[in-house]
1. How large is ³J(HN,Hα), in whole Hz, for each residue of the stretch 24-37 in order, when computed from phi with the Karplus curve 6.51 cos²θ - 1.76 cosθ + 1.60 and θ = phi - 60°, using x for Gly and Pro?
2. Of all chymotrypsin sites (Phe, Trp or Tyr not before Pro) in the stretch 1-71, which ones are in loop regions per DSSP and have a Cβ with at most 16 other Cβ atoms within 10 Å?
3. With only Lys, Arg, Asp and Glu charged, each at its Cβ (+1 for the first two, -1 for the last two), find how big the charge dipole of the chain is about the Cα centre; round to the nearest 20 debye.
4. Remind me, what semi-axes does the stretch 9-85 give for its equivalent ellipsoid, largest first in whole Å, using sqrt of 5 times each Cα gyration tensor eigenvalue?
5. So what is the calculated 222 nm ellipticity per residue for the chain, using -39500 (n - 2.57) for each DSSP H run with n of 4 or more, over all residues, to the nearest 500 deg cm²/dmol?
6. Suppose a student asked you for the relative contact order of the stretch 2-81, using Cα pairs under 8 Å spaced at least 6 residues apart; what percent would you report?
Amino acid sequence: MQRAVRLRDGTCRAPGCGRRARACDLDHSVAWEDGGTTDVGNLACLCRHHHRMKHLPGWNLDLGPGGVLDWTTPDGKLHRIEPDPAPF
């Protein structure tokens, strides 16, 4: 499962971040304690900085079909991030 998520994502999925997926945390979009599952459809690669940032007030992250991430910033801006698969 880790390999599948890292290959799909390629890099940290935060806007403008290029840290390679192998150096990132696998983050639950819907937290496990909130009923989120540990599967490819609920996991995304985030570097430690962006993993922590998403938990700050005002940030929202939604993981959609195919691994598309929608980030909403505290000022209400939406950033849609498509997966950038890692090269083989």
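1. Taking θ as phi minus 60°, the curve returns 10, 7, 8, 10, 6, 5, 9, 4, 4, 5, 9, x, x, 9 Hz for the stretch 24-37.
2. Values: sites: TRP32, TRP59, TRP71; in loops: TRP59.
Those satisfying the criteria are TRP59.
3. Values: 12 positive and 11 negative charges, 92 e Å.
Using Cβ point charges on Lys, Arg, Asp and Glu, the chain gives about 440 debye.
4. Working: eigenvalues 52, 48, 30 Å².
Result for the stretch 9-85: semi-axes of 16, 16, 12 Å.
5. Values: 2 runs with 14 residues, N = 88.
Computed mean residue ellipticity for the chain: -4000 deg cm²/dmol.
6. Values: 138 pairs, mean separation 20.4, N = 80.
After rounding, I find 26 percent.
Read the figures in this text as sums done on the coordinates, not as results from a lab. Quick caveat, the model's predicted, so the values are computed rather than measured. Positions of Cβ are generated from backbone atoms using ideal geometry, with glycine treated the same way; all protein chains shown enter the neighbour counts.
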